[in-house]
Amino acid sequence: MFTVKILHVNLKKHTAPAGLGLIALMILSMTAISPPSFASLLRSTSIDIGVEHTQPLSLSMQVGISDTAGYIEFFSESSETILISVPSTWVRREVKNAELHDVSAEAPSLGFTRWSLPARSGISFQVRESPDSLLLHNPTGVQMKLNLAFVDVTNDTVQKEVVLIQGDTVKLW
């Protein structure tokens, strides 16, 4: 009889938390993301790009997207060599205002390739998947003016924006 009372006390002690947990589980199951929506969240792409420089920098970035792919082009108006880190899956398309051998890439590391871009030159990349969002990192903390052009080939639209980056990271979209 004594063991029954202890069991009864323990059940009574845990009934309220168990009930609240059950109610929370029922609410979550009714408001949970449906499988197709959840799959689209898993497929969304967020891209990080890093730009290293020691002097104030004016950088142009043109982003062209279509339904399935895109390109991203950088052009530096600086008198110094800058470093740009992009995802290793990006394929270099072309180089502007510099010899091809002057635009070098380090070995990929942690999913990124670090490119050395000479003064007043440009580089473009083929991107397999159009990114849903893009973060630009300015780890050196030196002021950067970004002239951004976003070209949507599918909808035939162009958006231009000038972004002044004084801090470390900025979300471009």
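Determine ³J(HN,Hα), in whole Hz, for all residues of the range 158-173 in sequence, where each value follows from phi through the Karplus function 6.51 cos²θ - 1.76 cosθ + 1.60 and θ = phi - 60°; x replaces Gly and Pro.
For the range 158-173, the Karplus-derived couplings read 10, 10, 10, 7, 10, 10, 9, 10, 10, x, 8, 9, 9, 8, 7, 6 Hz, x marking Gly and Pro.
Which loop trypsin sites (Lys or Arg not before Pro) in the range 142-171, with loop taken from DSSP, have no more than 12 other Cβ atoms within 10 angstrom of their Cβ?
Taking the range 142-171 and a limit of 12 other Cβ atoms within 10 Å, no loop trypsin sites (Lys or Arg not before Pro) are found.
In sequence order, what are the phi-derived ³J(HN,Hα) couplings for the range 47-61 according to the Karplus relation 6.51 cos²θ - 1.76 cosθ + 1.60 with θ = phi - 60°, rounded to whole Hz, with x for glycine and proline?
Computed from phi, the couplings for the range 47-61 are 10, 10, 10, x, 10, 10, 7, 10, 10, x, 10, 10, 10, 9, 9 Hz.
Normalised by the residues of the range 45-171, what does the relative contact order come to in percent, with Cα pairs under 8 Å and at least six apart?
RCO, the range 45-171: 34 percent.
For the pair residue 88 and residue 168, how long in nm is the line joining their label points, each one 7 Å along Cα→Cβ?
So the label points at residue 88 and residue 168 sit 2.5 nm apart.
Return the FRET efficiency for the residue pair residue 143, residue 102: r is the Cβ-Cβ distance, R0 is 25 Å, and the value is rounded to the nearest 0.05.
0.45
For a quick check of your reading of the filter: which GluC sites (Glu not before Pro) in the range 44-95 sit in a DSSP loop and have no more than 15 other Cβ atoms within 10 Å?
Listed in order of number, the matching sites are 77, 80.
Tally Lys and Arg at +1 and Asp and Glu at -1 over the other residues with C-beta under 13 Å from the C-beta of residue 97: what net charge comes out?
Combined, the nearby Lys, Arg, Asp and Glu give -3.
Evaluate the relative contact order of the range 115-173 (contact order divided by residue number), counting alpha-carbon pairs under 8 angstrom at least 6 apart; express in whole percent.
Normalised by residue count, the contact order of the range 115-173 is 39 percent.
Calculate one ³J(HN,Hα) per residue across the range 110-123 by plugging θ = phi - 60° into the Karplus curve 6.51 cos²θ - 1.76 cosθ + 1.60, and present them in order as whole Hz with x for glycine and proline.
6, x, 10, 10, 9, 9, 9, 10, x, 4, 6, 9, x, 8
All of the numbers you see were taken from the coordinates with simple rules; none came from a lab. Since the model is a prediction, treat every value here as computed from it, not as a measurement. Note that we place each Cβ from the backbone using ideal geometry, even for glycine, and neighbour counts take in every protein chain shown.
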